[in-house]
């Protein structure tokens, strides 16, 4: 159902921001593949709570552009592309970013 919704509904952001959002999504995928969004211990590129610093910054920017709907859209895209395990790590990494809660 979510896949169909994302295919039919455009990215929930202003049209002029779509290229930026697509670039942010690509970067988010790369972070998930190379570093993960969480770590077992703090230290670069992770903050003191072992959450990926850049992934959190991307979440903040997505929130600024399109709020919670855009963050949820990005999360669904990560889940489809990288799987449920990494998407659950992203959920925790984004806690307290914008309106994000654990979904």
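The values are calculated or read from the model by the stated rules, or taken from the named source; none is laboratory data. On a predicted model such as this, the values are computed, not experimentally measured, just so you know. Please note: Cβ atoms are built from the backbone with ideal geometry, for glycine as well, and neighbour counts cover all protein chains shown.
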Considering only segment 45-75, how many residues are under 12 Å from the mean Cα position of the chain (by Cα) and either at pLDDT below 95 or closer than 13 Å to residue 24 by Cα (or both)? 15
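Given the residues 75, 89, which is the only one that is part of a helix (DSSP H, G or I), farther than 22 Å from residue 20 by Cα and in contact (Cβ under 8 Å) with a residue 12 or more places away in the chain?
The match here is 89.
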Subset of segment 14-45, residues part of a helix (DSSP H, G or I), farther than 13 Å from residue 89 by Cα and in contact (Cβ under 8 Å) with a residue 24 or more places away in the chain, comes to 17, 20, 21, 24, 25, 27
Just to be sure I understand, how many residues within segment 55-72 are more than 17 Å from residue 13 (Cα to Cα) and in contact (Cβ under 8 Å) with a residue 24 or more places away in the chain? 2
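Is at least one residue of segment 46-54 free of Cβ contacts under 8 Å to residues at least 40 places away in the same chain, assigned to a loop (DSSP other than H, G, I, E, B), surrounded by 13 or more Cβ atoms within 10 Å (Cβ to Cβ) and in contact with a helix residue (DSSP H, G or I) (Cβ under 6 Å, 6 or more places away or on another chain)? Give the steps one after another, and end with the answer.
Initially, segment 46-54 is screened for residues free of Cβ contacts under 8 Å to residues at least 40 places away in the same chain, giving 46-50, 53-54.
From what's left, assigned to a loop (DSSP other than H, G, I, E, B): 47-50.
With surrounded by 13 or more Cβ atoms within 10 Å (Cβ to Cβ) added as a condition, the list becomes 47, 49-50.
Cutting the leftovers down to in contact with a helix residue (DSSP H, G or I) (Cβ under 6 Å, 6 or more places away or on another chain) gives us 47.
Yes, because at least one residue in segment 46-54 is free of Cβ contacts under 8 Å to residues at least 40 places away in the same chain, assigned to a loop (DSSP other than H, G, I, E, B), surrounded by 13 or more Cβ atoms within 10 Å (Cβ to Cβ) and in contact with a helix residue (DSSP H, G or I) (Cβ under 6 Å, 6 or more places away or on another chain).
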